[in-house]
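Colleague: My structure is below; once you've seen it, I'll send some questions.
The values are calculated or read from the model by the stated rules, or taken from the named source; none is laboratory data. Note that the structure is predicted; figures quoted are calculated from it, not measured. Every residue, glycine among them, receives a Cβ derived from its backbone with ideal geometry; neighbour counts consider all protein chains shown.
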Amino acid sequence: MKKTFKVSQFINKSDEVIVCSIDDTIDKAKSLMLLNDFSQIPVLDNNRKIFGAISWKSIGKNEAVGKNNEKIIDYLEEPAIVKENGDFLDYIKLIAKKDYILVTDDSENLLGIITTYDMTIQFKEFIIPFLKLGIIEDSIREIIRQRNIPTQKDVHDLTYGEYIKIFTQEENWNNLNLKNIDKEVFINKIDEIRKLRNKIAHYKPGGINNSEKFVINSFADIIQKFNDYLK
């Protein structure tokens with residue numbers, strides 16, 4: 001089954017979106033963009049619906065051909081607009097092409113903006129834990145395989161709950177020969193990783209905090225070292 005990540009997961013609806021009106025001046029738009037370090041800003045009509053957008057790129061294009069108008073409406077560009085319930089993965093190429101997308105609800109009310117910068121930060125923050133969890137699982141499976149610990153199914157099909165059951169058995173634990181490592185502490189750590197994995201399984205931004213990321217990253221490093229030691 002294809003995993004979908006809703007666009008709404010990548011915006012903070014509690015944040016007020018800074019916008020311009022079609023009646024604003026270009027100087028106001030430039031000031032808002034400059035002082036907020038924006039590369040673009042949405043422009044709304046008198047009904048608070050999206051009328052267009054303005055960016056440093058659209059300003060530059062118009063000024064390059066000699067336009068020097070005061071009204072923002074003369075510098076508009078057509079933005080990419082997507083619904084909040086859309087699949088974020090479907091819009092990655094669009095964001096890369098347009099530099100940003102505007103996100104609306106079903107009533108076409110503006111909810112937020114996602115830029116290429118936002119996309120880069122989001123993926124860095126939320127993909128790394130997934131990669132580290134993959135390292136943890138690969139290492140655990142390799143440990144089980146290297147020590148020829150019997151399993152009822154292929155090692156790649158085992159779950160965290162089954163890892164715990166395997167290591168709980170005294171014979172299997174002794175087979176690991178992890179000197180100076182307490183079995184109960186080790187198993188509790190795997191269970192903690194199991195809970196964190198389940199917590200971020202839906203790939204929701206903000207799903208885990210920095211201390212939980214540290215738990216995943218540090219255990220990934222340790223379990224790799226155990227794996228190397230047991231080879």
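Colleague: Return yes or no: is Asn172 more than 30 Å from Val7 (Cβ to Cβ) and touching a residue at least 12 places away in the same chain (Cβ under 8 Å)? Walk me through it before giving the result.
Modeller: Values: more than 30 Å from Val7 (Cβ to Cβ): yes; touching a residue at least 12 places away in the same chain (Cβ under 8 Å): yes.
Taking the combined requirement at face value, the residue satisfies it.
Colleague: Return the residues of the stretch 104-142 that are touching a residue at least 60 places away in the same chain (Cβ under 8 Å) and among the basic types (Lys, Arg); say none if nothing qualifies.
Modeller: The answer is Lys132, and nothing else.
Colleague: Quick check: anything in the stretch 104-113 surrounded by 13 or more Cβ atoms within 10 Å (Cβ to Cβ) and part of a helix (DSSP H, G or I)?
Modeller: no
Colleague: In addition: Which condition number does Asp118 fail, the rest of (1) within 24 Å of Ala201 (Cα to Cα); (2) at pLDDT 90 or above being met?
Modeller: (2)
Colleague: Residue under question is Thr115, and the condition is that it be out of contact with any Phe, Trp or Tyr (no Cβ under 9 Å at 6 or more places or on another chain), outside the structural domain of Ile200 (by TED's automatic domain parsing) and of a type in the set (Ser, Thr, Tyr); does it hold?
Modeller: Details: out of contact with any Phe, Trp or Tyr (no Cβ under 9 Å at 6 or more places or on another chain): no; outside the structural domain of Ile200 (by TED's automatic domain parsing): yes; of a type in the set (Ser, Thr, Tyr): yes.
Considered against the rule, which asks whether it is out of contact with any Phe, Trp or Tyr (no Cβ under 9 Å at 6 or more places or on another chain), outside the structural domain of Ile200 (by TED's automatic domain parsing) and of a type in the set (Ser, Thr, Tyr), Thr115 comes out as no.
Colleague: May I ask you to verify whether Asn180 is in a loop (DSSP other than H, G, I, E, B) and under 17 Å from Phe219 (Cα atoms)?
Modeller: Values: in a loop (DSSP other than H, G, I, E, B): yes; under 17 Å from Phe219 (Cα atoms): yes.
Answer is yes for this residue.
Colleague: Another one. What number goes with the only condition from (1) modelled with pLDDT under 85; (2) out of contact with any helix residue (DSSP H, G or I) (no Cβ under 7 Å at 6 or more places or on another chain); (3) exposed (fewer than 12 other Cβ atoms within 10 Å of the Cβ) that Lys231 does not pass?
Modeller: It fails just one condition, (2).
Colleague: Here is a follow-up. Determine whether Leu131 is in the same structural domain as Asn47 (by TED's automatic domain parsing), of a type outside the set (Ser, Thr, Tyr) and out of contact with any Lys or Arg (no Cβ under 9 Å at 6 or more places or on another chain).
Modeller: Here the answer is no, as Leu131 does not meet what is asked.
Colleague: Still on this structure: Being modelled with pLDDT of 90 or more, hydrophobic (A, V, I, L, M, F, W, C), assigned to a helix (DSSP H, G or I) and closer than 25 Å to Ser8 by Cβ is the requirement here; does Leu131 meet it? Step through it out loud before you land on a result.
Modeller: On the way: modelled with pLDDT of 90 or more: no; hydrophobic (A, V, I, L, M, F, W, C): yes; assigned to a helix (DSSP H, G or I): yes; closer than 25 Å to Ser8 by Cβ: yes.
Against the criterion (modelled with pLDDT of 90 or more, hydrophobic (A, V, I, L, M, F, W, C), assigned to a helix (DSSP H, G or I) and closer than 25 Å to Ser8 by Cβ), Leu131 does not qualify.
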